Every structure is written in C-alpha cells, then in structure tokens.
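Asker: Pasting a structure here, questions to come.
The values are calculated or read from the model by the stated rules, or taken from the named source; none is laboratory data. What you see is a predicted model; the values in this text were computed from it and never measured. Please note: Cβ atoms are built from the backbone with ideal geometry, for glycine as well, and neighbour counts cover all protein chains shown. The protein model used for the area step is the full one, side chains on, heavy atoms only, and it has no ligands, DNA or RNA in it. Shrake-Rupley method; radii C 1.70, N 1.55, O 1.52, S 1.80 Å.
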Amino acid sequence: MTTAPEDRDGDRSDDDLRALLRRADPLADRDPRLDPASLEVLMSELTDTTRPAEHDRHDVDGVGPVGRRRRRWVVPAIGAAAAAAVLAFTVPALLPAGSDDPVVSPTRPAVATGLVLTVPSTDPLTASCMALSPELLAPAQVAFDGTVASVDGTTAVLTPTRWYRGERAGAVEVTVPREVDVALVGAPRFEVGGRYLVAGGEGQVALCGATGAWSPELEAVYRAAFPG
Amino acid sequence: MGDRPGHEGHVEVTEMAGPAWTDDAEAERARFERLVGDLHGPLLRYLLRRTDRDTAADVLGDTLLVLWRRRADVPVGAELPWAYGIARGCLANARRGERRRDALAARLVVVDPPGVVTGADAALGGDDPDLTAALARLTPTEVEVLTLWAWEGLSPSEIAAVLGVTANAVSIRLHRAKGRLRTSLEAERAKDPDPRRTGTGRGKEER
C-alpha cells in the first residue's frame, strides 16, 4: 500500500517522537553565530562582480559599506574604474573567421584556439601601482612568454612560446593600451617581433609591470610566481 | 529575523518585491544581503548539526557562493528549503573532498557559545543510548528525513524541496522512517528496560 498518509494526522501522535529527537539535537538551545565581520568580508568578495584575485586587497576605493567597493582585476594596481569592455576567455575558436570586427586583419594567422585579453581602462585619479612581486603575480589565471606576430590598430596578436599558467592557446589577442595606461600603470606597448611576458585573468591583462617586454628580471618574477 | 535557536520555527524571509533580479547591481547586492541575513543562521545550524565547526564554516561559504551565482533561481516564499538543499549538496561535496576549486578566499568564523557540541562530536542519539542504537539501525536516508523533520522543523513539502523529490515521496519516506524508529526503539528498550527512562515505548513489560 503506497498511499501517502496525511502527515497532519501523524503529527499528533508523533509529537513524542519529535520531542525525543529534539532532545538529541547537538545544538539544543545553543545559538552559534557567524562573526559578522567575517561574513561582511565574504559577502563583499562574492558579490564583487569583477571577481578579483584574492590578493588584491589594496583598495583605495574601499571605504564604505559593503557593496560600494568596485575592485578591478589588475595585478597589482590599486583603484577602480568603469570596466572597459571585457572579453571573456573563450576556447576554442576565438579568432573568428567570420567576424565582422573591422579591426580584424586579413593577414592574421589562422589558429585553432585563441585567447583574448583586454587591457582594463584605468581611472587616472585613482590608479597607482604596487611593486610587482611573485606573490602579487601568483594568482594570475594566465601567464605566458610570447612574441608579437601582428599589431593592427587596437589589437596585438601574440604567439606564446612558453606557458607559465593557463590554457594552451595557439594565439593570444591583446588589446593595445592607450597612452594614458602606459604612463600611469605601466601597460606595455606591443611591437611586432617583440618578446613579452603577459599575465592576466578574467579576460583582462595584468598591468603595473606584470605584463611587459621580456627582461631577465621580469622572467625571474614569473618563474617565482609560477613554479613547476 | 523570526527564527530562534534550537529548533527552527518558521523563518521570515524579507519580502522581495518587484522583478526577481534587476539590472541595478547595487539593488541586487542589497537584495542578496537581505536574503543572506535571513538565511545564514538556519544554514549554519543545519551544518553544525551534521559536521564539525571548520567544515561547517567552509561549506557555508561555499553555499553562499552558490546562492549568489544562482540568485536568479531563488524561489520566492521557499528560500530556506531551497538554500538547505544547496547546503546539503555542498556538504556532500566537502565530504567527498570535492569542494569547488574556485572557493572563496574569505573564511567565515563561527562564534560558538562555549561548549557547543557539533554533529561531528555528538552521538546521533545524543545522551540517549537507546535512541542512538535505534537510529543506528535506520538508513542514512531515513535519518535524514527524520532530522529535517525534527531538528529543522520542516514540513514534508519543504523537505521535498531540500531533497529534490516530491512531497508525496517524502511523506511516505517520513512515515516509514518514524515507524521504523519506533520499532527499533522498542526493541532497544526491551533489551535493557529501565523504569527511569521516558520515551515512546508502548509499555513493554519489564522483566
């Protein structure tokens, strides 16, 4: 017989059973709570829609109630800005053959998989940099050593030669920084044939010296940040 | 908030008027904060009844992350059972060692009154050895519906929302679990009758 009994009726005679089970409740009448500050920090982290790296704690804009902060995924920059158009990482076919983007160069090498990073715009009033260190670089989702294959308008395409972290894409497309970004936050100026170390996350390039022309010093930071 | 410690009464969740989620990020965040304000207490107690303090804190963080990401799916008027269901899934993941790899950096801190016992420490039947032994005879599924009924105070339809099954299935399962618990209890008490014990025995004779 599989007719479901009305639990309403069952409740009356089951009160004793429920009372017995309740006496075995581990919490009984205790009222454990969350430390409110820890909850506020967690809520701030998870509702931050740009979802920054955990280490980005130097937030000049950070004063105020939960939710006012607008942190950026820029390592290790401080500051807030309206996000530039952020292109999410996509795999596989990212450099679309049929794209109607007028900037796309017909001479761009065809690749099976690609990666697109944009340089976030920065607010000149609030942007500034912390010194680059392996600890600040370590949270990057993508990092590689590569050569610029082409530069076309606002787009540079790099051919990675060594991956420190992230998807093995055949080519990475990076938006070329505006002059103001170069001056303020050390965004690199990509030149065809040049060798660069690039790090990024969440579809954005890491600035403040984290991404730049290859040098032994910068490579040392990358090796320390991404062991193995 | 409307809930009280110990056994959950009805938790009043702040009414959310208007469209489910708006495009206004600030309003969305504020709405979510109100939701979490109402839910985190019951969710924490649900977890502390079933695991140790550190795991409960981690899993609650995981649960809030999922709640945020799935905020468009929150069923208005049934937020808490739905949230219990998410916590249940996150707890299962944690037990399998499969917590999300992009877990939050921020860690929740549980403030206990001194001496609080969690589900990790307590025998399932608490101080009652007969109850402990009787519960040990039930399946985990049966124990689960019984604890959701007795400790979280959920109705069959609410339990159904937690488990992702029909209310009908829960009613049957709950009815059988209660019956089996009674039978097991009687058997345990018959083994070692003690006139000082009170409970649900149907008057088994002492020997």
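Asker: Suppose accessible area is computed on protein heavy atoms with a 1.4 Å probe; arrange B:Thr183, B:Thr51, B:Thr139 from highest to lowest.
Answerer: Per-residue accessible area, sorted high to low, gives B:Thr183, B:Thr139, B:Thr51.
Asker: Given the whole protein assembly as supplied and a 1.4 Å probe, what does the accessible area of B:Val66 come to in Å², nearest 10?
Answerer: Accessible area of B:Val66: about 30 Å².
Asker: Let me ask you something else. How about region B:28-89: which trypsin sites (Lys or Arg not before Pro) there lie in a loop by DSSP and see at most 12 other Cβ atoms within 10 Å?
Answerer: Taking region B:28-89 and a limit of 12 other Cβ atoms within 10 Å, the loop trypsin sites (Lys or Arg not before Pro) found are B:Arg70.
Asker: Quick check: with the 1.4 Å probe, what order do B:Asp130, A:Asp16 take by accessible area, largest first?
Answerer: Listed by decreasing accessible area, they come as A:Asp16, B:Asp130.
Asker: Suppose each label sits 7 Å from its Cα in the direction of the beta carbon; what would the A:Ala28-A:Glu40 distance come out to in nanometres?
Answerer: 3.3 nm
Asker: Related question: What's the carbon and sulfur percent of region B:38-158's accessible surface, probe 1.4 angstrom, rounded to a whole number?
Answerer: Using a 1.4 Å probe with all protein chains present, region B:38-158 comes out at 50 percent carbon and sulfur.
Asker: Something else: Points 7 angstrom from Cα along the Cβ direction at B:Asp121 and B:Asn168: gap in nanometres?
Answerer: For the pair B:Asp121/B:Asn168, the computed spacing is 4.5 nm.
Asker: For the interface of chains B and A, what total accessible area is buried with a 1.4 Å probe, rounded to the nearest 100 Å²?
Answerer: That pair hides around 4600 Å² of surface in total.
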